[in-house]
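One structure below.
The values are calculated or read from the model by the stated rules, or taken from the named source; none is laboratory data. Predicted, not measured: the structure shown is a model, and the values here were computed from it. In this analysis, Cβ positions are derived from the backbone assuming ideal geometry, glycine residues included, and neighbour counts consider all displayed protein chains.
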Amino acid sequence: MDLFTGLANNEPLWAAITAYIVASFLKVLVKFVKTRKIRPSLFISTGGMPSSHSAFIASAAASVGFTEGFDSSIFALAAVISIVVMYDAQGVRRASGRQAEAINRIIANFDNLHSVLEKELKEILGHTPFEVFAGAGLGILIAWIFNR
């Protein structure tokens, strides 16, 4: 089997990519419903509902489980990596976003500090636990659809 045939037939890869695209589209849609403003930049940004990172990694892990077996070593590895990615999305990256928000407020209150940063720090970096859970659920659903 050549490289391109192998990639074309790799269900976990395509399930993960599809989950990422669907979750990213849903982020734009959810934001539109809330604000009535279309923000296409959300399609490729971090943060938002649902978590596209969680959808991506959960779909890959679930699809590996469906194709290789949930008792396989490769599924165990995929599951552990999924947990780390999702924990990071709602933990470390969310805390970084809150810190950026606080720094931006401090700088906004001191006119002479505006020159410290060339632009504001990005505040929406991570996810709430619900956003991560929703992304993971979406990813697992897409993996199941791909592997039926």
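Please go through the stretch 41-52 and give me each residue that is in contact (Cβ under 8 Å) with a residue 60 or more places away in the chain and assigned to a helix (DSSP H, G or I), ordered by number.
SER52
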query = How many residues, within the stretch 102-148, are modelled with pLDDT of 70 or more and within 20 Å of the chain's Cα centre (by Cα)?
reply = 20
remark   = Note on the stretch 18-40: residues at pLDDT below 90 and assigned to a helix (DSSP H, G or I) are LYS27, VAL28, LEU29, VAL30, LYS31, PHE32, VAL33, LYS34, THR35, PRO40
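Among what's in the stretch 1-17 and is without any contact (Cβ under 8 Å) to a residue 40 or more places away in the chain and part of a helix (DSSP H, G or I), pick the residue that is nearest to the chain's Cα centre (by Cα). Break it down stepwise before answering.
Step one: filter the stretch 1-17 for residues without any contact (Cβ under 8 Å) to a residue 40 or more places away in the chain, giving 1-10, 17.
When the remaining residues are screened for being part of a helix (DSSP H, G or I), the result is 3-8, 17.
Working: LEU3: 27, PHE4: 26, THR5: 27, GLY6: 25, LEU7: 22, ALA8: 23, ILE17: 11 Å.
This residue is ILE17.
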key: Matching option when the condition is of a type in the set (Ser, Thr, Tyr), in contact with a helix residue (DSSP H, G or I) (Cβ under 7 Å, 6 or more places away or on another chain) and within 24 Å of HIS127 (Cβ to Cβ), among SER51, SER45   = SER51
query = Just one of SER82, SER96 is surrounded by 14 or more Cβ atoms within 10 Å (Cβ to Cβ), modelled with pLDDT under 70, part of a helix (DSSP H, G or I) and among the hydroxyl-bearing types (Ser, Thr, Tyr); which is it?
reply = SER96
